[in-house]
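Taking it in order: structure first as C-alpha cells, then the write-up.
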Amino acid sequence: MADDSTIEGRGPVTTLATPIRLDFDFTPGIAQSVFLRGLARGRFMGQRCPKCGKVYVPSRGSCPTDGVPTTEDVELANVGTVTTYCVVNVPFAGQSIEIPYICAQVLLDGANLSFMGLIQEIPTDEIRMGMRVEAVWVDEADLTPSLASVKYFRPSGEPDADYESYKEYL
Amino acid sequence: MAEHEALHASHVLEYPYSRSVGPVIGAFLTGLREGRLTGVRGAGGSVIVPPTEYDPTTGEDTGELVEVGPGGVVETWAWVEQPLPKQPLDHPFAWALIRLDGADTALLHVVDAGDPGSIATGDRVTVRFRPEADRVGSMADIEAFVPEGSA
Amino acid sequence: MAERCAVIGVGQTHHKAKRDDVSIAGMVREAAKAALADAELTWSDIDAVVVGKAPDMFEGNMMPELYLAPALGAVGKPMLRVHTAGSVGGSTALVAAHLVKSGIHKRVLTVAYEKQSDSDAMWALSVPQPFAAPLLAGAGGYFAPHIRAYMRRSGAPDHIGRMVAVKDRLNAIHNPYAHLHLPDIDMKTVEESMMLWDPLRYLEACPSSDGAAAMVLAAEDSLSGGYPPAWIHGAAMRSEPTMFAGRDQVNPQAGRDCSADVYAQAGITDPRAQLDVAEVYVPFSWYEPMWLENLGFCDLGDGWKLTEAGATAFDGDIPWNPSGGVLSSNPIGASGMLRFLEAAMQVRGQAGEHQVDGAGLALGQAYGGGSQFFAMWVVGADKP
Amino acid sequence: MSPAGRTVRPVSIASFAQMQNVRRDDEHNEVEMLMPVVAEVFGTIGITKDDVDFICSGSTDYLIGGPFSFVMALDAVGVWPPRAESHVEMDGAWALYEAWTLLQEGEVDAALVYSFGRSSLGDLREILTLQLDPYYLAPLWPDTVSLAALQARALIDSGKSSEAEFAAIAARSRKDALANPKAQVAGDRSVDELLRDEYVVSPLRRHALPPITDGAAAVVLAAGDKARQWSDKPVWITGFDHRMETHSLGARDLTSSPSTAKAAEVAGVHDGPVDVAEIHAPYAHQEVIVREALGLDDSVRINPSGGPLAANPMMSAGLIRIGEAAERIRSGQAGRAVAHATSGPCLQQNLVCVLEGA
C-alpha cells in the first residue's frame, strides 16, 4: 500500500492493508478419518445410522436427522448415478480444471447421500441426469487421504438409471 | 484401532485484507504519515484519540479534528518479556495506554522502555515515528513511544 | 402474553460493489442513523441493539459487535450478535422482535451488514480446509444442480430464469439504494450474458455488495416517527440438517414449515390472494419459481407459470421483490434484513417509486446456507 | 420486575451437561464432541430432541479457522423434522439468553441451548486479537493476555487489589477444582508458592491466567408444566440481563465494571441474599472487579466449581457458569445463586443471571 510518489504528492490515506494469517491444527474427526483413509486405499467408506439405517458417505460422525453416532463402517461401490449436475463455465480462484467442465451430484450404489464430483471423458453437452458413472482414481502411488485421490468420474457404460430410483437424492 | 483414529493436518487461514478507512480514521492515518497525532472533538467537547466517527461512550457524531501530543502520560502498562511474532517490537517492551497531551482518552501502543524498571504509571512518554520514507499511513508508522527525555 | 411489535424506523446504505468511502462502523452507522431518523429517535431512546452478519472472515473481525458497540450507541445496553448463514439478516430482525414481543424492551435497534470488499466473498464463503475436496464449483455451482432438478421436475421452460432476472433489475431502477441499475437489460442481454454455471448465466446471479440495513422495532406504547408502523403479524424460523438422505433441496421442508407457521400466526390461508407484496431471497433467478412453490403461492410445479404470466411483476397481482431484490443488491449479511425491511416499507407506504399501491400485508423471507435455514415475517398496516 | 415493569415468566434450568474439559481434544470434530453432551443433557431428565420447541447455540468460526462451523454442529442434535433454531456468534450464555427471551413470550415452553469451542487448534492469544478494532488495535497484534495485564496493573495502581490477592484467587480456584471431576486444572498450591511463578505479561503470573480448554456444554430450559415434569426441584431463572461497554480501552475505567453492575441491578441480584456466585473472570484479577460490581460481600461462596481458572472453554465458559450455579441449588448447597458471563477484551460485555430454588 506504500506508493512511490513523494509525501507531498500523496493524497489522504483512504485504505489500510491489514494482512491476517492464523495457523491451526485441523482434524476432521474420527468418522471422516475413516472415509479419508478409505480414499487413501482407493475405496469409498461410509457409515450407517443404527437408527434409520441410512448410509452416509462421508459421515461426519452423526446421523444428521437422528443425532446419534454412526458407528458401522460400510464399504461402497465404485459406481454410482448422476442425480443432477451443472456445467461450470466460470473461472475462479483456486480452480484447477480447464473450463467448461461438469460438476455432478453422484449417488454411489449403496449410499443414501450424493456428493459433488467432477465428470470427465464425456462432452459437456452429453451429460444427463441418471447417467451411470464410475470413479477413476489417481495412480496408486499418489493415493492420499483426500478427495484428490479421486481423479474424476466417467461414464460406466451401463444404461441410465430410472428417474424413480434417484429422485429422492437430487 | 488405527482405523478409528483422527487424522490431522495444518491449516492456514490467510487473507490480505484491504480496508477503506473513511474520513476520520483516514485523517488520523494521514497525520501519522506526516508525523502528526490527531484527535477528534466529541459532542461534549472532550478530545478522543485515536479519533472515531462516533463518541466512544454516547455514539454521537464527533466533530472537528485537533492536533494532540506528541507527548503524553502512561495511564497503565504491561511488561512483555517475550514478544509474540506479530507484535511491533522484537525485544522486551511495554504495552501502554497513553493519554496524549490535549486528549481525554488514551491510545494503546508500545513503549520501548528497555527494562521494566524504566516505566511506571504516570510517567511521561513521547512518540517516536518511523523514518518518513517508511511511513505508509498505519498505526505502525509509530515505531514506539519512549520515556520523555530519552528520544 | 406476547406484546404487539412494530417496525417504526428503517434505514439502509447505498449498496455498492465497494463502499470505499467509509469504515465498517461508518457504513453500519449510515443505516442505523437513517433508521433512527425515520423513527424520529436518538441513540439514547434505544433499549437494546441486535446485530447480524454472515461469517466474520468477510472482514477479518471476530465477534464484531464488540468493536461496533460504541458506533451503534450500545454502551450500557444489551447487545446480541446473530449468525445463521444467509438467513441471518432475517433471523436478526426476529431476535430483535422477540425482545419487544416478550415485553423485555420497548425499542430495539437491529442492524445487519456485510463489507465483503474488505476481502473476497468467494474466498470467505469457502475457505479451503485440509482434506476437503478440491474446489470444484464455486458459489453458484452449489445451487445450479438444484435449479436443474427443479426444471426437470416442473418442466419449466428455459426463459423463466431470464424473465426473473429482467423483472428484478427493472424494479431496481426505482430503488435508489440498489447496487445494480441496469435500465437497458432485456431477455436478449440476459441470454447473451456469459454462461457461468450451466444453466445459470451471469445476469441471472446476484452481485457481491457492501451495504447495511437497520430497523427500529417498538412496542405498542412506544411508537414514534412520521410513517405509520408496520405491525408484525407473524414471525418464524426453521432449520433442517444440511445434508441428509432424501433431503429435498428444491422444495425444502424447513421452508414449507416456516411459511406454514408464519401464515398461521398472520391468519393467512391463501398467500397469493391475501398478501399484497413479497420480498423474497432470490439470489439466482430460478429461486423465484422455486420459492413461489415452497411458500405456497401456487401448487407444486406451477411456480414458473406465475412468473411467466407476470403475476410477480411490479404490476402483477402479487409483486415479488419490487425493490429489485437480492439479484440487484447483495451485502450477504444484510440481504435477509433488506427483505424484511422492504416488506415493512411497503406496508408503511414509504417505498417511493417502487411502492406497491395500497400494500397492506407483506411477506419478508430470507434463507441461507444450502437452503436449510429459513426466517420469515409477515408485516401489515393494520394492528394484528 | 424488569425496568419495563414486566413480570418475569419463571423458566427453569431443567438440565445441564458439559464435556470433560481438556487442554486438547485431538480426536473429534465439533459434531463428535457435542453428541455425548447433547445426549446427556436430554438423557438425565429422560427427554428427547422432540420434546424441545427451540434450539439456540453459541460458537465462533475463528476457533476452527473456517466459516459456518455452527452449521454442521447442528448435526449433533438431528433437527429433523425441521425445528425453530438460531445461533449467536457469542458465548452460549447469550444463546441461553436468546432462548429465555423466547420462553418469556409464552408461546414455547422448552429449549435446548448448547455451545462448543476448541481453543486449542490455533494460537488463542493471536486469534482473540481479531476481536479488536480492525484499524487501530488489531494491526498491532496486542494479545488478550497483554490487555488483561494492562487492566491488572490499573487495578493494582488503584489500590483495590494486589498480586498476592490474584494468587489467592488462583489458589482457591484450583483447590476447589479438586472436587470438580470436569475441571481441567486442579491442585493445592500455596499463595507463597504461586507468587514465585514467572510473569507471562507482568503483572500477570502464570497462575493468574486461565487454561486453554476444549469444551462443550448444553442446557435444557423449561417453563410451565414441563419445568415441573422434568424436575422435582426446579431451579428458576428469576432475573437475567446483560450489558455492553465501549470497545475503546482508553475511554474506560478498567478497574470497574459498570456494565456488570447495571446488569446485576436489572437482574435483581440485590433483591435477596446470594449464597453462591459463579463468576466468569478468565483472569484472576477480573474476579475482584466483577465481585465488586455484583456487590457481593465476603460471605458469598465464589466459584465452587473452580471457575474459569480451572477450565475456560471458549464460547462455553459463560454457559457453564450458569449450569454450575444451577447445580449448586439443585444439590441443596445454595438457595439463591448468581451466574456471570463475559465477552471481549477486559470484561467488555457482561451478563448476569439470578437463579433460585423452588
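Here, each number is a calculation from the coordinates, and none is a lab measurement. Keep in mind that what you see is a predicted model, and the values were worked out from it rather than measured. Note: ideal-geometry Cβ built from the backbone for every residue, glycine included; neighbour counts use all protein chains shown.
Figures for the structure shown
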item: Rounded to the nearest 20 debye, dipole of region A:30-165 from Cβ charges on Lys, Arg, Asp, Glu; result: 520 debye
item: Share of pairwise Cα separations in region C:314-384, more than 17 Å, in percent; result: 42 percent
item: Approximate spin-label separation C:His159-A:Ile122, in nm, with each point projected 7 Å along Cα-to-Cβ; result: 3.0 nm
item: Shape of region C:253-384, Cα gyration tensor, a/c cut at 1.5; result: rounded
item: Net charge over other residues, Cβ less than 11 angstrom from the Cβ of D:Gly268 (K, R count +1; D, E count -1); result: -3
item: Mean-position separation - Cα centroids, region D:47-75 and region C:49-82, in angstrom; result: 20 Å
item: Length released on extending from B:Asp134 to B:Glu14, taking residue separation times 0.36 nm less the Cα-Cα span; result: 40.7 nm
item: Distance from region C:209-237 to region C:12-39 (C-alpha centre basis), Å; result: 17 Å
item: Label point distance in nm, C:Glu308-A:Glu140, each placed 7 Å from Cα along Cα→Cβ; result: 5.6 nm
item: Computed E for A:Asp109/C:His181 - FRET, C-beta separation, R0 60 angstrom, nearest 0.05; result: 0.75
item: Residue among A:Ala161, C:Ala235, B:Gly69 farthest towards the positive dipole end of the protein assembly as shown, charges placed on Cβ; result: C:Ala235
item: Cβ charges +1 (Lys, Arg) and -1 (Asp, Glu), total dipole of the protein assembly as shown, debye; result: 1200 debye
item: Peptides D:211-219, B:46-54, B:7-15 ordered by average Cβ neighbours within 10 Å, highest first; result: D:211-219, B:46-54, B:7-15
item: Residues of type aspartates and glutamates that D:Lys160 reaches as a straight line, Cα spacing below 19 Å, ignoring anything fewer than 8 places off in the same chain; result: B:Glu75, D:Asp253, D:Glu287, D:Glu292, D:Asp297, D:Asp298
item: Histogram of C-alpha separations across region B:19-147, 10 Å bin width, %; result: 14, 41, 35, 10, 0
item: Value of relative contact order over region C:1-66, rounded to a whole percent, pairs C-alpha under 8 Å and six or more apart; result: 31 percent
item: For region D:7-150: rounded, prolate or oblate by the Cα gyration tensor [a/c cutoff 1.5]; result: prolate
item: Shielding by partners - mean other protein chain Cβ count within 10 Å, residues of D:335-348; result: 1
item: Kirkwood hydrodynamic radius (C-alpha pairs) into Stokes-Einstein, region D:82-209, 20 °C and 1.002 mPa s, D in µm²/s; result: 119 µm²/s
item: Region C:8-148: C-alpha gyration tensor shape, a/c 1.5 cut-off, then a/b vs b/c; result: prolate
item: Cβ neighbours within 10 Å from other chains - mean over A:77-87; result: 4
item: Convex hull of the protein assembly as shown built on C-alpha atoms - directionally averaged projected area, nm²; result: 40.2 nm²
item: Residue-span extension gain [D:Asp188 to D:Gln333] - 0.36 nm each, minus C-alpha spacing; result: 49.9 nm
item: Separation in nanometres of the label points that stand 7 Å from Cα toward Cβ, at A:Ala40 and C:Ser193; result: 4.5 nm
item: Those aspartates and glutamates that a straight Cα-Cα span of less than 16 Å connects to C:Lys167, excepting residues fewer than 8 apart in one chain; result: C:Asp158, C:Asp184, C:Asp186, C:Glu191, C:Glu204, C:Glu279, C:Glu288, C:Glu308, C:Asp315, C:Asp317, C:Glu353
item: Computed [θ] at 222 nm, deg cm²/dmol, the protein assembly as shown (DSSP H ≥ 4; -39,500 (n - 2.57); rounded to nearest 500); result: -7500 deg cm²/dmol
item: 16 Å reach of a label modelled at B:Leu84, 7 Å along Cα-to-Cβ, counting backbone N of region D:304-321; result: D:314
item: FRET efficiency, 1/(1 + (r/R0)^6) with R0 60 Å, evaluated for D:Asp232 and A:Thr15 via beta carbons; result: 0.45
item: Dipole in debye (nearest 20) - region B:19-147, about Cα centre, beta carbon charges: Lys, Arg +1; Asp, Glu -1; result: 180 debye
item: Highest-first arrangement of A:68-74, C:235-241, C:154-160, C:337-343, where packing means the average Cβ count within 10 Å; result: C:337-343, C:235-241, A:68-74, C:154-160
item: Net charge of neighbours whose Cβ lies under 15 Å from the Cβ of C:Glu204, counting Lys and Arg as +1 and Asp and Glu as -1; result: -1
item: Cα-Cα over 27 Å, subset of C:Lys18/C:Lys106; C:Lys18/C:Lys305; C:Lys106/D:Lys233; C:Lys33/C:Lys115; result: C:Lys18/C:Lys106; C:Lys18/C:Lys305; C:Lys106/D:Lys233
item: Cα point-scatterer Debye curve for region A:30-165, base-10 log of I(q)/I(0) at q = 0.12, 0.13, 0.18, 0.19 Å⁻¹; result: -0.50, -0.58, -1.04, -1.12
item: Local electrostatic count at C:Val190 - Lys and Arg +1, Asp and Glu -1, tallied over other residues with Cβ under 13 Å; result: -2
